[in-house]
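The values are calculated or read from the model by the stated rules, or taken from the named source; none is laboratory data. Small disclaimer: the values here were computed from a predicted structure and weren't measured. Every residue, glycine as well, gets a Cβ built from its backbone with ideal geometry; the counts of neighbours run over all protein chains shown. Accessible surface areas use protein heavy atoms only, side chains included; no ligands, DNA or RNA. Shrake-Rupley method; radii C 1.70, N 1.55, O 1.52, S 1.80 Å.
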Amino acid sequence: MKKNQVIINTDIHKGTINKNIYGHFAEHLGRGIYEGIWVGEDSSIPNTNGIRNDVLEALKELHIPVLRWPGGCFADEYHWKDGVGPRENRKRMVNTHWGGVVENNHFGTHEFMMLCDMLGAEPYISGNVGSGSVKEMSEWVEYMTFDGESPMANWRIENGKKEPWKMKYFGVGNENWGCGGNMTPEYYADLYRRYQTYVRNYGDNQIYKIAGGPNVDDYNWTEVLMQKAANLMDGLSVHYYVHPGGFENKGQAVHFSEAEWDVSMQKTMYMDELITRHSTIMDKYDPDKRIGMIVDEWGAWYDVEPGTNPGFLYQQNTIRDAIIAGVHFNIFHQHNDRVQMANIAQMVNVIQAMILTEGDKMLLTPTYHVFDMYKVHQDAERVALDLHVDTIQENGFTYPQVSASASKAQDGTLHISLCNLDKSNSVSLDIDLLGINYSQATGSILTGSEMNTKNTFDNPDQVKPQVFTGLKIQGNSLKVDLPSKSIVVIAIS
Ligand code: AHR
């Protein structure tokens, strides 16, 4: 292959890209739920049954397939019964994990299910293993899904919901190696076996059970869980965040150096190694790949914005984050035989968010636009793609200049997503297309003039998709000029 050449063979199919890879995560953390999504029915911010309309409308555009809630670390301290019944009677508690603020439980099971309905997203509930009982978990499932007479179903009906909800995805604990109970893998595997026993399928509601997975590269955790409990799980979660400076001093979201750009790109590419190595262990116990890898927390996590509550994890979002998101998706696609879901952390106002709000104002982040541009890959058929590009080696960090993926939609349109990770140089690619007759190619591009170009409440459209003009059809190939730090999605038909 020549340098800067991409060969796409649309006759070689690589399996469906599960739309759930485009999933989200909303935790009771900072202004993620309260203010960001839930403002209450009496708010002066226009809302539908308490959910703010501006955020809702913007999120609908993304076709969010699945939404994880209520945590995160919050999940293993959450007692669901505090969050049902008349709101004025709900228990006020302390959100001990996130800032020690009052949690009034106004956003509970009914409100979450309503939000999922409004978004057209499947609910993914994280149950409490760390500080909750087996009974509490089993009663929650009964409350949500039992269609008949039972104490929990009767209570749900009393609380205004006659028909049970459909609830497919259920996580049995979260980060049980850490905030979810500081357990050893052996101990958690035993607890997982026990708790999941009582996560029942009622009627035709079939639950996809997700076991709490490893901390980043804790391969032993995966080994032990698979060895002891593979037959009792449908999915195993994996969490990995890009912290440019490490967990203690993560680095700033906006004011960062070139070296921090480089380390961010290298750490983004690390997701590929992680998935590969955890998959290899899973293959040993599950060669048919029945069990999905569920990357239910990922994203770039920086220091909080100066002056904001350190427990609220509020950070800005730049073109760097957009590239981090695009590269993650290309990696997830590459592993579509094993990765069946991924949930970015988090949806609004927390870590690598889609949307930031300030009072009644809101803005769409560069990351939002990547989710929007890439949604064409949801449930599409991945096709073979070979890529030959330079490797960047700068400031002691190494990463490829370009990341790419291609898929065929049901109507036959081919979509190619390309990220130029290079902060300074553009790149010209020759894309050879095999197995497809086409007459037109169009595209959109997201880029910024600086490494840290961002959207602000005063200037919310600084980073937004534009029509891509750096594209030429030449016989059976496309010539594509990718500017530095850009994301491009091309549609070919
Ligand atoms: O997303 C923020 C936190 O990161 C989650 O609560 C926890 O699961 C992870 O450590």
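Of the residues that make up the stretch 216-228, is at least one among the β-branched types (Val, Ile, Thr), over 22 Å from the mean Cα position of the chain (by Cα) and not in a loop (DSSP other than H, G, I, E, B)?
Within the stretch 216-228, one or more residues are among the β-branched types (Val, Ile, Thr), over 22 Å from the mean Cα position of the chain (by Cα) and not in a loop (DSSP other than H, G, I, E, B).
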If Gly99 passes every condition in (1) farther than 24 Å from Thr308 by Cβ; (2) within 16 Å of the ligand (Cβ to nearest atom); (3) of a type in the set (Gly, Ala, Ser) but one, which one does it miss? (1)
Whether any residue in the stretch 248-267 is of a type in the set (Asp, Glu), without any contact (Cβ under 8 Å) to a residue 40 or more places away in the chain and either more than 30 Å from Met152 (Cβ to Cβ) or part of a strand (DSSP E or B) (or both) is what I want to check. yes
Of Asp337, Asp303, the only residue that is outside any helix (DSSP H, G or I) and more than 16 Å from the ligand (Cβ to nearest atom) is Asp337
Assuming Asn220 fulfils every condition listed in (1) more than 16 Å from the ligand (Cβ to nearest atom); (2) open to solvent by less than 40 Å² (accessible area, probe 1.4 Å); (3) out of contact with any helix residue (DSSP H, G or I) (no Cβ under 6 Å at 6 or more places or on another chain) apart from one, which condition is it? (2)
For the stretch 171-198, pairs from a residue that is closer than 9 Å to Gly212 by Cβ to a residue that is assigned to a helix (DSSP H, G or I) and more than 13 Å from the ligand (Cβ to nearest atom), with Cβ under 6 Å and 6 or more apart or across chains, are Val172/Tyr192; Val172/Tyr195; Val172/Gln196; Asn176/Tyr188; Tyr192/Ala229
Tell me which of these Asn49 doesn't satisfy, since it passes every other one: (1) touching a His at 6+ places or on another chain (Cβ under 7 Å); (2) open to solvent by 10 Å² or more (accessible area, probe 1.4 Å). (1)
Take Lys464 and tell me if it is outside any strand (DSSP E or B), basic (Lys, Arg) and under 24 Å from the mean Cα position of the chain (by Cα). yes
Considering only the stretch 399-431, state which residues are over 22 Å from Thr318 (Cβ atoms) and open to solvent by 40 Å² or more (accessible area, probe 1.4 Å). Lys408, Gln410, Asp411, Ser428
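With open to solvent by less than 20 Å² (accessible area, probe 1.4 Å) and within 16 Å of the ligand (Cβ to nearest atom) as the only criterion, which of Ala384, Ala342, Ala322 stands out?
Only one candidate passes the filter, namely Ala342.
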Being closer than 22 Å to His79 by Cα and hydrophobic (A, V, I, L, M, F, W, C) is the filter here; which residues of the stretch 1-50 pass it? Phe25, Ala26, Leu29, Ile33, Ile37, Trp38, Val39
Condition met for Gly173 (at pLDDT 95 or above, within 28 Å of the chain's Cα centre (by Cα) and either open to solvent by 10 Å² or more (accessible area, probe 1.4 Å) or under 20 Å from Asn201 (Cβ atoms) (or both)): yes
Scan the stretch 457-472 and give yes if some residue there is crowded, with 17+ Cβ neighbours inside 10 Å and β-branched (Val, Ile, Thr), otherwise no. yes
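Please specify each residue of the stretch 14-42 satisfying the condition of being open to solvent by less than 30 Å² (accessible area, probe 1.4 Å) and either within 16 Å of the ligand (Cβ to nearest atom) or without any contact (Cβ under 8 Å) to a residue 24 or more places away in the chain (or both). Before you say what the answer is, go through the steps one by one.
Quick first cut of the stretch 14-42, residues open to solvent by less than 30 Å² (accessible area, probe 1.4 Å) only: 15, 17, 20-30, 32-33, 36-38, 40.
Once the filter is applied, which keeps residues that are open to solvent by less than 30 Å² (accessible area, probe 1.4 Å) and either within 16 Å of the ligand (Cβ to nearest atom) or without any contact (Cβ under 8 Å) to a residue 24 or more places away in the chain (or both), the stretch 14-42 yields Gly23, His24, Phe25, Ala26, Glu27, His28, Leu29, Gly30, Gly32, Ile33, Gly36, Ile37.
Can you list the strands (runs of 3 or more DSSP E) lying wholly within the stretch 1-114 that have 1 or more residues being out of contact with any helix residue (DSSP H, G or I) (no Cβ under 9 Å at 6 or more places or on another chain) and among the aromatic types (Phe, Trp, Tyr)?
Details: elements: 5-16, 23-25, 66-69, 93-95, 101-103.
Counting at least 1 such residues, we get 23-25.
How about the stretch 413-447: which of its residues are assigned to a loop (DSSP other than H, G, I, E, B) and at pLDDT 95 or above? Let's see the steps before the verdict.
At the first step, the residues of the stretch 413-447 found to be assigned to a loop (DSSP other than H, G, I, E, B) are 413, 421-426, 435-440.
Residues satisfying the conditions are Thr413, Leu421, Asp422, Lys423, Ser424, Asn425, Ser426.
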If you scan the stretch 232-247, which residues turn out to be away from the ligand (no atom under 16 Å from the Cβ) and in a loop (DSSP other than H, G, I, E, B)? Met233, Asp234, Pro244, Gly245
